[in-house]
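Comments concern the structure below.
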Amino acid sequence: MIREHDIIVVGGGPSGLNSARRLSEQGLDVAVLEKKDEIGKNVVCTGIVGKEAFDRFRLATNSILTEVQHFKMVSPNKTYVLYSHASPFAYVVDREKFDNNLADEAVSNGAVLKLCHEVVDVSSEKNYANITVKIGGSQFVTFRAKAIVLATGIDTRLNKKLGLGYSKEYIHGIQSEITFKQNGYPEIFVGKEVTPGAFAWVVPVSKEKARVGLLAKKDPQVYFEKFIQKLFPDSSIDLSQQKIMSKPIAQGLLTKSYGNRVLVVGEAAGQVKTTTGGGIFFGLLCSDIASKEVSRRFKEDALSAQDLSAYEKCWKKEIQKEILVGYYTRKICEKLSDSQVENMFQIARNDGVIPLIKKKGNFDWQSEVILALARRAPFKSIQSLCSKDSLNRI
């Protein structure tokens, strides 16, 4: 038996669910195939979502746990810079509820959500695409659709099967939710001892709980354990009793996010903020673009690779600069010594940097403030640490 739909979305994360929501709004018969048995289960994410995302993508607000209006950055020598905004600019969310809100909206529009459906093979024919699905670990079923939207996160096996691009560079995120009393606003920690070239975080989700984690190019577990020991030197926190989750996070710009009757969205397409590793905003933005492109061409069955190539041009026009500026900024930061980082903190405290961030900063669009800071004389010495090619790209 072949099960047919207009569009099949592979993956039930925010990018896939938003694609299904938008496509089903257009009256298309959409099925979402998700290999997990629950939406939003065991997601590794700090759960900070910008206010713009809620406004722009009409997101339900019942997943919000706390508001983010202030945050503190801590240097290797424990110098700190406190940033305060005039109003909340982001929210900490319950990711399970956040994802399920998107699922509920897609289903209410007519999409079909199929859990425990693991896609093991795909093929693209002239007039349709075939998807082989394993259900419940033993049964195999074939689905057929006019087009596929791949939203499989870091699992890029299907990209490779279809000859599409895939991320080749990753940074590792690791996190646990820990019970303790904290300041009530997020804290960011930097330094080579904390995690070389990246950062660690403490993000409160309530008065007594916080998400504690970090990014690392390698050995994330080692750096995480050291960070916990440093953060709680007199604590009896036993990491063996904590639920610790980790995952690789795609880094860098992806090429070829489209093919015959297929588009790739979200982290599977490299649509991730290379500054923070966050993928929700870019994933929602690009899944909107993908859905518009598929809806526009569906009636004429104009879904060849050539027809769908406009999708990649469109999403890269929107976020390519953000990805590249963040990527090469991270490369620069990897080369900074702790003393250089400390100097930057002193400059930030005394040289009008905070007003500049308030003027140019945007939680989801960070390239402008990065470039504005790079043009300031006190920061120009940092540029000598970066290759000429990287500077030109930024």
Report yes if Glu334 is touching a residue at least 40 places away in the same chain (Cβ under 8 Å), closer than 30 Å to Lys192 by Cα and not assigned by TED's automatic domain parsing to the domain that holds Asp6, otherwise no. yes
Residue hits (segment 49-108; loosely packed, with under 15 Cβ neighbours inside 10 Å and among the β-branched types (Val, Ile, Thr)) are Thr61
Answer with yes or no whether Val30 is closer than 20 Å to Glu293 by Cβ and in the same structural domain as Leu285 (by TED's automatic domain parsing). yes
Quick check on segment 133-172: of everything there that is touching a Phe, Trp or Tyr at 6+ places or on another chain (Cβ under 8 Å) and assigned to a loop (DSSP other than H, G, I, E, B), which residue is nearest to Asn18 (Cα to Cα)? Ile154
If you scan segment 50-64, which residues turn out to be hydrophobic (A, V, I, L, M, F, W, C) and over 15 Å from the mean Cα position of the chain (by Cα)? Phe54, Phe57, Leu59, Ala60, Ile64
So which residues in segment 84-101 are of a type in the set (Ser, Thr, Tyr) and either under 30 Å from Asp37 (Cβ atoms) or within 23 Å of the chain's Cα centre (by Cα) (or both), if there are any at all? Tyr91
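Can you tell me which residue within segment 115-154, out of those that are of a type in the set (Phe, Trp, Tyr) and surrounded by fewer than 20 Cβ atoms within 10 Å (Cβ to Cβ), is farthest from Gly252 (Cα to Cα)?
At the first step, the residues of segment 115-154 found to be of a type in the set (Phe, Trp, Tyr) are 128, 140, 143.
Within this subset, residues satisfying the condition of being surrounded by fewer than 20 Cβ atoms within 10 Å (Cβ to Cβ) are 128, 140.
Working: Tyr128: 31, Phe140: 35 Å.
Selected residue: Phe140.
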Checked segment 173-203 for anything part of a strand (DSSP E or B), within 23 Å of Glu334 (Cα to Cα) and acidic (Asp, Glu); matches are Glu187
For Ser63, work out the one condition from (1) among the small types (Gly, Ala, Ser); (2) free of Cβ contacts under 8 Å to residues at least 40 places away in the same chain; (3) within 30 Å of Pro355 (Cβ to Cβ) it doesn't fulfil. (3)
Residue among Lys299, Lys292 that is out of contact with any Asp or Glu (no Cβ under 6 Å at 6 or more places or on another chain) and under 20 Å from Ile319 (Cβ atoms): Lys292
Report the residue count in segment 20-62 for those that are in a helix (DSSP H, G or I) and under 29 Å from Trp201 (Cβ atoms). 6
Unmet requirement for Ile48, which otherwise passes all of (1) among the hydrophobic types (A, V, I, L, M, F, W, C); (2) in contact with a Leu (Cβ under 9 Å, 6 or more places away or on another chain); (3) in the same structural domain as Ser124 (by TED's automatic domain parsing): (2)
Filtering segment 204-222 down to residues that are assigned to a helix (DSSP H, G or I) and within 15 Å of Pro248 (Cβ to Cβ), which residue is farthest from the chain's Cα centre (by Cα)? Gln221
What about Pro233, is it part of a strand (DSSP E or B) and out of contact with any Asp or Glu (no Cβ under 7 Å at 6 or more places or on another chain)? no
Considering residues of segment 156-203 that are within 18 Å of Glu225 (Cα to Cα) and hydroxyl-bearing (Ser, Thr, Tyr) only, the residue farthest from the chain's Cα centre (by Cα): Thr179
Examine segment 198-206 for a residue that is over 26 Å from Asp155 (Cα atoms) and out of contact with any Gly (no Cβ under 9 Å at 6 or more places or on another chain), and state whether such a residue exists. yes
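Identify, please: which residue in segment 237-275 is within 30 Å of Thr179 (Cβ to Cβ) and out of contact with any strand residue (DSSP E or B) (no Cβ under 8 Å at 6 or more places or on another chain) and is, among those, surrounded by the most Cβ atoms within 10 Å (Cβ to Cβ)? Quick ask: steps written out before the conclusion?
Start the filter on segment 237-275 by keeping residues that are within 30 Å of Thr179 (Cβ to Cβ), which leaves 237-249, 267, 272-273, 275.
Checking which are out of contact with any strand residue (DSSP E or B) (no Cβ under 8 Å at 6 or more places or on another chain) leaves us with 238, 240-241, 273, 275.
Working: Asp238: 7, Ser240: 5, Gln241: 6, Lys273: 21, Thr275: 18.
Per the stated criteria, the residue is Lys273.
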By residue number, the members of segment 362-394 that are of a type in the set (Gly, Ala, Ser) and at pLDDT below 80 are Ala374, Ala377, Ser381, Ser384, Ser387, Ser390
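The values are calculated or read from the model by the stated rules, or taken from the named source; none is laboratory data. As the structure is a prediction and not an experimental result, all values here were calculated from the model. As a convention, Cβ positions derive from the backbone with ideal geometry for all residues, glycine included, and neighbour counts pool all protein chains shown.
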